[in-house]
Amino acid sequence: MTRSLHTRTTWTPRSTETAVHALLRAIVEPGFFADGAVQTAAALGGVVAVVAGLIGVFTVIRSQAFAGHALSDIGSAGGSSAYLVGLAPLWGFVGISVLAAAAMERIGVQRARGRDVATGIVLGVGFALASLFLYLGMTYHNGSGEIPTILFGSVFTLSAAELPLVIGLGAVALLVALTLYRPLLLASVSPELAAARGVRVRLVGAAYLLALAITVALCDLTIGAILSTALLVGPAAAALRLTSRPHRAALLAAAISLACTWLGLLLAWDSFYWPPLRHGWPVSFFIVTLVLIVYLAAGALARGRRLRG
Amino acid sequence: MIMRSEIITDIFCPMSVNSIEPVARRSVLALAALAVAITVSACGASGSAARSDSAPGRITAVGAESQYANVISQIGGRYVNATAVMSNPNTDPHSFEASPSVASTVGAAKLIVQNGLGYDSFMNKIEAASPSRSRRVIEVQTLLGLPDSTRNPHLWYDPSTMPKVAAAIVRDLSALAPAHAAYFKANGRRFDATLQPWLRAVASFKRLHAGTPVAVTEPVADYMLQAAGADIRTPWVLQADIMNGVDPAPQDVTLEDNLFKQRRVKVFLYNRQVTNTVTQSFLRLANQDHIPVVGVYETMPAGYSYGSWMLAETRALSAAVTAHRSTNSL
């Protein structure tokens, strides 16, 4: 009796400790932080998430979500052509996105009337090219898994060697957006007023399109060409539901995007222990689902605030 | 022995649709439809190369993979025209889809040898599309009595497989051309004899090096490794993920990485036919840590017969263990 009491008193704190430990282990499965692939994915995904959140706010303000989506889908042509010639997919993503952005600018993406048509045409050509390059790649290369990688991303298979390039490209995109912050904002909200104030609206728009193309290419790398708009537009749209101030929205979007990416990585890691056992679920699924949840939650929060205020 | 193997190179469906989540499948199929439209027009010229010119009196036969076509021509000799459907070692056989020219070749065949286990399921579709009462189909899976749930489809690496396939080919060819039955039977015996050096090499590996720890990328040579008593340390799920073209879980990748970093394996068997960033990083690690590499193939490489190919793979395995020598490609 004494013995059992004794064991109980000594066991209580320790069992709490083990319970906390077990919970932590259940959430952060052993090895998550120590794993090389996770570290690389967290660093690359983190940089991409921050850039996507910041740039995405302008995309939403400028109502260019469709253009962003088109650029990311076209990225599949870039990724597949890079694979065909044996380059890292990122080069293809960036190259084709910038080219497509230039094409969209030429055809008239800045005029609201021509925008959807121009975007749609370029988008179609992008997919046509992707189908050709993927076919040629699969025929003449001994590869496997390129299609899921290009279309849906595979952040856990990225190499740390890509980090400098990703940071460099992200810096270029952010630099463009920061340099043009005021004129870009004015041109986005009211092009007429901006033009009257002497802002070269078309030039600013073109420079922004370049930043967008780079950002989209970076998103292609982490969550794939088909899903990359989710990371670009989702966090920004959620942030703009919560605040109307652009710089606050940009920071909030970056934070949301980063949180969704990192939590997505963690869930993907944990899913290794879910059914079907030992098959991790795709990271992109988690990231995009989390983005949707945050977007819906932001909507509910904003509605609640309106009702109260 | 005359071997007429017309190589069909126009492989036109680039995607292994099974390996992608259903959500993705629709968009992939849309891409595939575009790819078909483009390649059907682009590959018209090469498609005609697959036309089977059946010399009079010869039995037209098809092997879904070049190794089966090779066995057919070794047994059928001068009375059989054997064609291989998949014979390009530079592409992934798992993502092969048949083109119209393949369909006409298969449709005309009197004897077909195919692997089964979903490895060449396009053959069933073509056969169903051109029904023939006189055609004989040897499906190796059925011949060996394997259930559909059999995980590893690379049956030809199993030393016990091909003698049974050869016996079935002898039987079917004899039924198709009873006049040459004795000739086919003699060739069947000769074929079995050509496998002896390989079987001896496998047995001697098992005697000398049973339990040797090895790492692989895909289950390509697993049956041979098991027959040779090797201990395959790569988790099955990782092998299956790479085979099916899906991203392996980072946990499994780390496990495989550690097999190299901690030198827990003596040999790394690397599928030359299917590579991606993950398998390439394994190859880099193996080279860094001086673990000998053996390149393996799913489709018989040029310049080999089935027996000499298998012997070369097993010898490469022995050389890796005994002399620490890599055989990157055959």
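A short reminder: the numbers here are calculations on the coordinates, not readings from a lab. What you see is a predicted model, and the numbers here were worked out from it, not measured in a lab. Don't worry about glycine lacking a Cβ; one is built from the backbone with ideal geometry, like all the others, and counts go over all protein chains shown.
Tabulated data for the structure shown
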item: Approximate spin-label separation B:Leu208-A:Arg303, in nm, with each point projected 7 Å along Cα-to-Cβ; result: 7.5
item: Virtual spin-label span in nm between A:Ala128 and B:Lys261, 7 Å along Cα→Cβ; result: 4.8
item: Per-residue average of Cβ from other chains inside 10 Å of B:248-259; result: 6
item: For chain A, calculated [θ]222 nm from helices alone, where every DSSP H run of n ≥ 4 adds -39500 (n - 2.57); result: -27500 deg cm²/dmol
item: Nearby lysines by direct alpha-carbon distance to B:Lys266 (threshold 23 angstrom, same-chain neighbours under 8 apart not counted); result: B:Lys206
item: Chain A: most fluctuating residue of A:Leu218, A:Leu232, A:Leu184 per GNM, C-alpha cutoff 10 Å; result: A:Leu184
item: Separation in nanometres of the label points that stand 7 Å from Cα toward Cβ, at B:Ala179 and A:His21; result: 8.3
item: Computed E for B:Asn287/A:Ile167 - FRET, C-beta separation, R0 45 angstrom, nearest 0.05; result: 0.95
item: Per-residue mean of C-beta atoms belonging to partner chains within 10 Å, peptide B:182-188; result: 0
item: Size descriptor, Kirkwood hydrodynamic radius, that averages inverse alpha-carbon separations across region B:207-322, Å; result: 14.3
item: Dipole magnitude of region B:207-322 about its Cα centre (Cβ charges: Lys, Arg +1; Asp, Glu -1), debye to nearest 20; result: 480
item: Theoretical FRET efficiency, 1/(1+(r/R0)^6), r = Cβ-Cβ of A:Arg182 and A:Ser63, R0 22 Å, to 0.05; result: 0.70
item: Surface/4 of the Cα convex hull for chain A, nm²; result: 21.8
item: Theoretical FRET efficiency, 1/(1+(r/R0)^6), r = Cβ-Cβ of A:Leu99 and B:Leu143, R0 51 Å, to 0.05; result: 0.45
